[in-house]
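First up is the structure itself, then whatever we jot down about it.
The values are calculated or read from the model by the stated rules, or taken from the named source; none is laboratory data. Computed from a predicted structure; not experimentally measured. Here the Cβ positions follow ideal geometry from the backbone for every residue, glycine too, while neighbour counts run over all protein chains shown.
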Amino acid sequence: MPFKEREKQDYESYSSVFNEQMESIEKKARGAGGTSGGIGTFLAGLAMAVAGGYLFLTNVNVYTSHWTLWGYNGFGMSLFPLLIGIGMLFFNGKSKIGWLLTLAGIIIIFVGVIASLNVYFGSTNLFNTLVMLILLVGGIGLVARSLKEK
């Protein structure tokens, strides 16, 4: 078989396999999340949810308070498991108790910081609050609707 004919035959077989795969992909990827819900609805819902979430979160004020444990400053106490665990890991890097204490200390500090936050919703009028919440909830609803099959 001459070289040109064999090259043409290989091209046709590769082309047919490629076309079959592209048709399969086009059938599978129909819309948002592979469903028939529609990409336009998904993008509109996503834009609404992002806008509503942004407006809502800009009205939230976060303040910190003192971290107390039974009426005393509790931050120093929360460092003990972390420091003991790190010390044990420097002594033996494979120490399971050392890893457990280090991880527990990190979690205690993280939870303590979150627990010492005070979150307040800033004062605004009813219209602005409704616009924020309707954008947020309506956007989430549109995204959910776009992800379900028609």
So is Ser123 surrounded by 16 or more Cβ atoms within 10 Å (Cβ to Cβ), closer than 20 Å to Ala51 by Cα, at pLDDT below 95 and not basic (Lys, Arg) or not?
no
Just to confirm my filter: which helices (runs of 4 or more DSSP H) fall fully inside the stretch 60-148 and include at least 3 residues that are more than 30 Å from Thr41 (Cβ to Cβ), free of Cβ contacts under 8 Å to residues at least 60 places away in the same chain and hydrophobic (A, V, I, L, M, F, W, C)?
75-91, 96-115
For the stretch 40-64, name all the residues that are β-branched (Val, Ile, Thr) and surrounded by 14 or more Cβ atoms within 10 Å (Cβ to Cβ).
Thr41
